[in-house]
Amino acid sequence: MRVTVTGATGGIGRLLVATLLERGDDVTVLTRDPDRAYDALGPDVHAHAWDSTSTAPAEALAGRDAVINLAGERIDQRWSDEAKGRIMSSRRDGTRHLVEGIALTEGDDRPLALISGSATGIYGDRTGDGEIDETAEPGEGFLSDVCVAWEAEARRAEALGLRVVVIRTGTVLDPEHGALVPLKKVAKFGVLGPLGSGRQPFPWIHVTDELGLILHALDSGRASGPINAVAPGIVTQAQFARALGKAVHRPAFLPAPAFAAKTLLGEQAELLLSGAWAVPSAARDLGYAFAFPELPSALDDLLSGRSGDEPSGPLGELLG
């Protein structure tokens, strides 16, 4: 398969590109710095310069079977007005300019599918609600606003004849990147505990299943629309803290009041103090079998280095 990837030098992007290359796909990446991309990804990719503030180059998109859009400013930073502007524009405007580039392709050279990122943050704070699937309406808050705008730009590609999938990702648990790295360090010191009430949902997904779902959406011609990239075994934030503490053989009972998180993080505390009981209905309907459906086995794998069952689809040996 011929695939173009944006955000290829990020944590998920690097693993995805490596997996695509391993299975024999022809991979093109759109990146601000092609030299850095070659250093990070190796010589087997085709790197094209693009800074996402202008129309994506059609030559990097023509003749591709699919485009996977993972580009976006880091969420895990203090949300100053300037940072919020970058977070929004990198996703909304970057995706708009990507679709503009796709529109410049014609006929059989036009890609068949666009797989684009999103997040369960689109649902806002649904702590008091029950389980929600991909049919739920967007919620309120900055993250919801970002995801709504992000998805709307991706869905514009449907008018060009593309199959469009948006991957609404929860917290990705990865031993090398993202939220788990600082959390496991805190847990090992025995100072991890509930944040705020601790009753807020903590939708999570093992990195193997995050990649597996992206590939499943890529390979399955039936996949379209939103897919919640979350494990079936959703937990509260307090349950996550206890499970992580148990996995590293440390207690996890020291609470962090909501006001402390808000004082330290400002508006970014929304990431920790709210959540939604998102369930992976679309993934189940597509026949995806989670390698790590429950948190204890996921943490055991991530923190011990032992592999779990292989995910469905072509992921196979990834992270084994």
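Quick rundown of the values:
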| quantity | calculated |
| --- | --- |
| Of every Cα-Cα pair in the stretch 118-173, the percent that sits beyond 16 Å | 45 |
| Interchain or long-range residues, amide H under 5 Å from ALA47's placed H | VAL29 |
| Ranking of VAL5, VAL235 by count of other Cβ atoms within 10 Å, fewest first | VAL235, VAL5 |
| Total formal charge among the other residues, if their Cβ is under 11 angstrom from that of THR236, Lys/Arg +1 and Asp/Glu -1 | +2 |
| Bins of 5 Å, starting at 0 and running to the largest distance - Cα pair percent for the stretch 98-221 | 2, 9, 15, 17, 18, 15, 10, 6, 4, 2, 1, 0 |
| Descending semi-axes in Å of the stretch 146-186, equivalent ellipsoid built from Cα gyration tensor | 33, 10, 6 |
| Interatomic Cα distance distribution for the stretch 24-98, bins of 10 angstrom, percent | 18, 44, 30, 8, 0 |
| Expected 222 nm ellipticity per residue - DSSP helices of 4 or more, -39500 (n - 2.57), all of the chain, to 500 | -11000 deg cm²/dmol |
| Residue of GLU137, GLU73, GLU210 that the Gaussian network model of the chain assigns the largest fluctuation, springs spanning Cα pairs under 10 Å | GLU137 |
| Relative contact order for the stretch 1-70, counting Cα pairs under 8 Å that sit 6 or more residues apart, in percent | 42 |
| Cβ-based exposure ranking for ARG64, ARG86, in which fewest neighbours within 10 Å come first | ARG86, ARG64 |
| Linear extension gain, GLU22 paired with SER304, 0.36 nm per residue minus alpha-carbon span | 99.1 nm |
| Scaled radius of gyration (Cα, divided by 2.2 N^0.38 Å) that the stretch 193-246 gives | 1.44 |
| Normalised contact order of the stretch 60-178, rounded percent, pairs of Cα under 8 Å and 6 or more residues apart | 31 |
| Net charge dipole size for the stretch 17-102 [Lys, Arg +1 and Asp, Glu -1 on Cβ; Debye, nearest 20] | 400 |
| Label-point gap, in nm, between GLU100 and SER197 - each point 7 angstrom along Cα→Cβ | 4.4 |
| Span-rule helices in the chain, defined as complete DSSP H runs reaching 24 Å or more along the axis (Cα) with Kyte mean at least -0.5 | none |
| Fluctuation leader among GLY196, GLY128, GLY225 - the chain, Gaussian network, Cα springs under 10 angstrom | GLY128 |
| Most mobile of THR208, THR120, THR19 in a GNM of the chain (Cα contacts under 10 Å) | THR19 |
| Equivalent ellipsoid dimensions for the stretch 43-137 as semi-axes, Å, which come from the Cα gyration tensor, largest first | 30, 19, 11 |
| Positive minus negative residues near TRP150 (Lys, Arg vs Asp, Glu; Cβ under 9 Å) | 0 |
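Read-outs: derived from the displayed coordinates by stated rules, not from any lab. Here the structure is a predicted model, which is why all the values come from computation and not from measurement. Here the Cβ is made from the backbone with ideal geometry for all residues, glycine too, and neighbour counts use every protein chain on show.
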